[in-house]
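For reference, the structure is listed below as structure tokens.
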Amino acid sequence: MTVQTNKNIPYYLTAVGFFILLKFGFTLADNNDLTFLLNPTDKLFGLLTGSHSIYLSESGYFHENLNIIIDKSCSGFNFWVLCFLLFTYLTVKHFDKTLSKILTIPTALIGAYLLTIFVNTSRIFASIIVQTQTKGIFLNQQHIIHEAIGIITNLTFLILAYILIEKLLIHKRYNAKFA
């Protein structure tokens, strides 16, 4: 383990601590507690599809014309917290100053949140399109298709985010050496 890695351990442990607290909080959360993720996702989804929803606190955001509900299970919470860990890990290792490392944690939380809204909306939209196209073919397998789209979408965006952020940070550090 390098000296730099040792210096980063407190920041990584802080991020993991937040992750554990957030995951525990999620087990206790309901739709009302997750409106910070559900509402913007629903609004963006509505803009994308032209569909309007009504919010039912027990059920979630109901889109009558599509016959779908965007609820706790669709919140993208797990993607958000995983993305937060990923962003924290990537950014902490690229900074030398303590303040910069400290600021990576809230920045990673916010950046992961913004990406989550976009990815979650994309995932729901893709799921609706694919399920509509495959309804006649895979009538009894729609839940598997729904899950597969979620896995593929989330994993793809996590990998792309990792590659993009890593390249940007390496490029920034490389240019800073020559500035």
* **Identity of the residue in segment 55-77, among the small types (Gly, Ala, Ser) and open to solvent by 20 Å² or more (accessible area, probe 1.4 Å), that ends up farthest from residue 152 (Cα to Cα)** => 57
* Please work out if residue 102 is assigned to a helix (DSSP H, G or I), in contact (Cβ under 8 Å) with a residue 24 or more places away in the chain, open to solvent by less than 30 Å² (accessible area, probe 1.4 Å) and out of contact with any Asp or Glu (no Cβ under 9 Å at 6 or more places or on another chain). => no
* Of all residues making up segment 50-99, the number that are within 21 Å of residue 146 (Cβ to Cβ), without any contact (Cβ under 8 Å) to a residue 60 or more places away in the chain and aromatic (Phe, Trp, Tyr) -> 4
* Residues (open to solvent by 50 Å² or more (accessible area, probe 1.4 Å) and part of a loop (DSSP other than H, G, I, E, B)) located in segment 27-42 -> 30
* Structure fact -> In segment 131-147, residues that are aliphatic (A, V, I, L, M) and open to solvent by less than 40 Å² (accessible area, probe 1.4 Å) total 1
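Each row is one residue, and each column tells you yes or no for (1) buried (at least 18 other Cβ atoms within 10 Å of the Cβ); (2) assigned to a helix (DSSP H, G or I).
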{"residue": "51", "(1), (2)": "no, no"}
{"residue": "79", "(1), (2)": "yes, yes"}
{"residue": "95", "(1), (2)": "no, no"}
{"residue": "110", "(1), (2)": "no, yes"}
* Among the numbered criteria (1) among the aliphatic types (A, V, I, L, M); (2) open to solvent by 60 Å² or more (accessible area, probe 1.4 Å); (3) under 17 Å from residue 105 (Cα atoms), which single criterion is violated by residue 15? -> (2)
* Asked: Which number in (1) part of a helix (DSSP H, G or I); (2) free of Cβ contacts under 8 Å to residues at least 24 places away in the same chain; (3) of a type in the set (Val, Ile, Thr) marks the one condition that residue 116 misses?
  -> (2)
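The values are calculated or read from the model by the stated rules, or taken from the named source; none is laboratory data. Small disclaimer: the values here were computed from a predicted structure and weren't measured. As a convention, Cβ positions derive from the backbone with ideal geometry for all residues, glycine included, and neighbour counts pool all protein chains shown. Ligands, DNA and RNA are excluded from the accessible area calculation, which covers all protein heavy atoms including side chains. Shrake-Rupley method; radii C 1.70, N 1.55, O 1.52, S 1.80 Å.
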